[in-house]
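Accompanying notes for the structure given below.
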Amino acid sequence: MVNLALAWAETYMAEHPDVRISVTGGGSGTGIAAMVNGTVDLANASREMKGEESGAARANGITPIEHVVAHDAIAIIVNQSNPVEKLTLSQISAIYTGQISNWKQVGGEDRPIVLLSRESNSGTYAYFLEKVIRLGRTDSRLLFSPDTLLMPSSEGISVEIRQNPNAIGYDGLGYVTPDLKMIALARDVGQPYVLPSVDSVRDASYPISRSLYMYTAGEPEGRVANYLQWILGDGQSLVAELGFVPLQ
Amino acid sequence: MVESMIRVLGFSTVGLVLLIFAFLLREGLPVLSSVSPESLLGQLWYPTFGFFGMLPLLLGSALVTVTAILIALPLGLATAVFVREVAPSWAREILKPLIEVLAGIPSVVLGFFGMTVVAPWVRNTVSAPTGLTALAGGLVLGYMALPTLISVAEDALDAVPRSYRDAGLAMGATQWQTIWRVVVPAARSGIVTAVMLAMGRAIGETMAVMMVTGNAARMPIGWEALLRPVRTMTATIAAEMGEVAKGSTHYRALFAIGILLFLATFIINLTAARAIFAKRRKGGLR
């Protein structure tokens with residue numbers, strides 16, 4: 001969600017020249033860790049805080065407050081030349097755990113499947129693991145196959161998928177460019193296959209969508225409070241522009 | 001006065017290295033209290049789920065580094081021989097600074113080049129499932145190790161006395177024979193140093209490796225491992241250190257990887273030093 005945070009900061013600074021906002025990327029864990037250490041005012045996160053993180057915050061005398069700022073969907077992306085159009089969540093789980101290793105097993109060409117993922121510090125990684133690989137089951141101990149390529153950035157994933165017809169990847173809808181092919185998803189066999197879009201995320205017919213958060217250390221005050229208010233109001237127009245899904 | 005200042009500075013460098021190592025030990029060793037040594041040498045690296053097996057990372061670094069050296073050694077040695085022994089002096093004047101410019105290319109630029117050019121080339125040439133492989137990492141790293149290897153090897157050739165070459169030629173040997181049978185063997189210890197320094201450069205490189213090797217923490221076993229993704233120790237530290245909570249097991253495990261890396265470079269440098277030392281005792285050059 002760093003793109004969104006940057007766009008918000010730039011637009012807000014243009015409207016309020018007296019305010020300076022600097023945005024740093026690195027993954028949800030990075031931002032929350034910085035908020036816990038007291039080095040930032042706002043931590044952007046594409047997942048909820050973990051128990052150990054809020055524990056660490058309280059140990060530092062900080063009460064983290066959660067604000068939902070936008071919605072997002074995870075798109076499953078493949079190379080343009082890949083004939084596969086649709087998959088169920090359990091097929092994707094089987095692909096990412098290594099049980100399905102050839103595209104012909106899911107109706108594609110006879111090609112090996114190359115798995116791409118974000119690094120383990122990305123909120124998208126944790127979300128994908130819980131919701132897709134483990135299919136939302138808390139008792140599941142499934143993990144990414146050890147053959148999964150961990151890419152340090154969204155750009156790394158799109159570069160590889162653009163040039164490799166074997167690859168499958170996932171990323172936030174906001175990062176998907178038109179030269180990548182999105183896969184329609186169904187919750188289960190027999191249910192409708194839905195492509196990710198603003199409408200299908202908002203009406204929750206698309207199976208993997210989520211909220212994006214900002215965390216503050218305690219109730220926001222002064223400039224930080226003004227900024228948050230602006231994000232929840234006027235700032236929402238930027239959300240749609242970047243391919244995320246606005247709150248209303 | 002000046003002498004004692006230089007002495008203080010010299011000792012402080014050594015002291016700093018020792019302090020860094022002490023810091024690594026202090027931050028990394030406590031991992032043993034929460035993870036057993038056997039599981040640290042396990043085959044699964046899923047740090048966010050309590051699996052801290054470092055074997056795939058260790059072997060991944062080793063595979064990429066050895067590949068890089070196997071690529072860089074013949075190229076680098078041949079270049080050094082050409083620049084020092086064969087090229088006319090005007091060509092040498094152009095080549096030497098060019099090689100030094102090579103060393104100045106930022107690794108992230110080479111990484112981007114590797115990701116967009118080398119990796120697709122590897123995939124198409126060897127028809128691997130993906131081009132982000134140990135081989136792509138070895139190619140990029142080998143290229144990055146070249147300037148070090150060439151400069152140090154060239155210095156070693158330079159230190160071979162003129163009389164050796166004259167003697168070789170006077171015995172009726174061709175220039176080619178003189179170079180490969182007299183000059184290169186005489187400079188052997190310097191060339192070993194060059195290889196060791198290049199290895200140190202390769203094993204410690206992070207950014208470019210992270211961009212081209214695919215970072216999959218799988219065990220690189222079997223001949224096809226070269227054509228599959230690997231995850232190196234340096235890439236693991238770089239990718240994960242930003243996120244960990246200070247003092248957590250994951251944090252300690254990353255520092256433990258740092259200790260392994262430190263030991264690996266230490267052993268490499270020690271081997272290099274011994275190679276030079278042994279040669280000197282036998283009355284060889286340098």
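Rule-based calculations on the coordinates, nothing more; no lab input. In this text, all values refer to a predicted model and were calculated from it rather than measured experimentally. All Cβ positions, even for glycine, are placed from backbone atoms using ideal geometry, and neighbour counts span all protein chains on display.
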* Where nothing but the Cβ of Lys and Arg (+1) and of Asp and Glu (-1) is charged, how large is the charge dipole of the protein assembly as shown around its Cα centre, in debye to the nearest 20? -> 2380
* Asked: In the Gaussian network model of chain A, springs joining C-alpha atoms below 10 Å, which of A:G156, A:G51, A:G172 carries the largest mean-square fluctuation?
  -> A:G51
* Asked: About the Cα centre of chain B, what is the dipole size in debye to 20, counting +1 per Lys and Arg Cβ and -1 per Asp and Glu Cβ, all else neutral?
  -> 680
* Under a 5 Å amide H to amide H cut-off, with H placed in plane at 1.01 Å, what residues pair with A:A186 once short-range neighbours are removed? -> A:L87, A:T88, A:L89, A:V194
* Could you go through the stretch A:102-117 in sequence order and give the Karplus-derived ³J(HN,Hα) for each residue, using 6.51 cos²θ - 1.76 cosθ + 1.60 with θ = phi - 60°, rounded to whole Hz, and x for Gly and Pro? => 9, 4, 5, 5, 10, x, x, 6, 7, 9, x, 9, 9, 8, 10, 9
* To do: Give the Cα extents of the stretch A:95-148 along the principal axes, in whole Å, largest first.
  => 33, 22, 16
* To do: Over the whole of A:154-161, what's the average partner chain Cβ count within 10 Å per residue? Rounded to a whole number, please.
  => 3
* Can you find, among A:Q105, B:F82, A:T216, the residue farthest towards the positive end of the dipole of the protein assembly as shown? Put +1 on the C-beta of Lys and Arg, -1 on that of Asp and Glu. => B:F82
* Asked: Which of B:G10, B:V117, B:I71 sits farthest toward the positive end of the charge dipole of the stretch B:1-127, with +1 on the Cβ of Lys and Arg and -1 on the Cβ of Asp and Glu?
  -> B:V117
* Structure fact -> Per-residue Cβ contact counts at 10 Å, fewest first, order B:R231, B:R162, B:R201 as B:R162, B:R201, B:R231
* Asked: When only C-alpha pairs under 8 Å and at least 6 residues apart count, what is the relative contact order of chain A, in percent?
  -> 31
* Asked: Which whole-number percent is the relative contact order of chain B (Cα, under 8 Å, 6+ apart)?
  -> 27
* To do: Give the span of the stretch B:88-147's Cα atoms along each principal axis, as three whole-Å numbers ordered largest to smallest.
  => 46, 23, 15
* Considering only DSSP beta bridges whose two residues both sit in the protein assembly as shown, what percent are antiparallel, to the nearest 5? -> 75
* Filter the cross-link list A:K181/B:K246; A:K50/A:K181; A:K131/A:K181 down to pairs whose alpha-carbon distance in this structure exceeds 30 Å. => A:K181/B:K246; A:K50/A:K181
* Residues B:V17, A:V106, sorted so that the one with the fewest Cβ neighbours within 10 Å comes first -> B:V17, A:V106
* Asked: Which cross-chain or sequence-distant (5 or more) residues have an amide H under 5 Å from the amide H of A:N102, H modelled 1.01 Å from N in plane?
  -> A:I113
* Taking B:L110, B:L149 and counting other C-beta atoms within 10 Å, the order from fewest to most -> B:L110, B:L149
* Percentage, to the nearest whole number, of Cα pairs in the stretch B:160-286 over 19 Å apart -> 66
* Let me have the relative contact order for the stretch A:1-148, percent, based on Cα pairs under 8 Å that are six or more residues apart. => 20
* **Dipole magnitude of the stretch A:15-138 about its Cα centre (Cβ charges: Lys, Arg +1; Asp, Glu -1), debye to nearest 20** => 460
* Asked: How would you order A:30-39, A:61-70, B:210-219 from highest to lowest mean count of nearby Cβ atoms within 10 Å?
  -> B:210-219, A:30-39, A:61-70
* Asked: Which whole-Hz couplings ³J(HN,Hα) result when phi for each residue of the stretch A:20-28 is put into the Karplus expression 6.51 cos²θ - 1.76 cosθ + 1.60, θ = phi - 60°, listed in order with x for Gly and Pro?
  -> 10, 10, 10, 10, 10, x, x, x, 4
* Ellipsoid equivalent to the stretch B:12-145 - semi-axes via the Cα gyration tensor, in Å -> 37, 24, 13
* To do: Name the residue, out of B:T79, B:T193, B:T271, whose mean-square fluctuation peaks in a Gaussian network model built on chain B with Cα pairs under 10 Å.
  => B:T271
* To do: Give me the orientation-averaged projected area of the Cα convex hull of the protein assembly as shown, in nm², one decimal.
  => 32.6
* Asked: Tell me, what HN-Hα J-couplings in whole Hz come from the Karplus equation 6.51 cos²θ - 1.76 cosθ + 1.60 at θ = phi - 60° for each residue of the stretch A:46-52, using x for Gly and Pro?
  -> 9, 8, 6, 5, 7, x, 5
* To do: Could you tell me how many degrees, from 0 to 90 and to the nearest 10, lie between the Cα long axis of helix A:222-232 and the main elongation axis, the longest principal axis, of the Cα atoms of chain A?
  => 30
* **Separation of the A:R141 and B:R7 label points, Cα + 7 Å toward Cβ, nm** => 6.2
* Structure fact -> Mean-square fluctuation maximum in Gaussian network of chain A, Cα pairs under 10 Å, restricted to A:A57, A:A225, A:A43, hits A:A225
* Structure fact -> Quick note, the stretch B:1-73: a/c under 1.5 would make it rounded; otherwise a/b > b/c is prolate and the rest oblate (a ≥ b ≥ c, C-alpha gyration tensor); here it is oblate
* **Over the stretch A:79-236, volume per residue of the alpha carbon convex hull, in Å³** => 147
* Per residue of A:119-128, what is the mean number of Cβ atoms on other protein chains within 10 angstrom of that residue's Cβ? -> 3
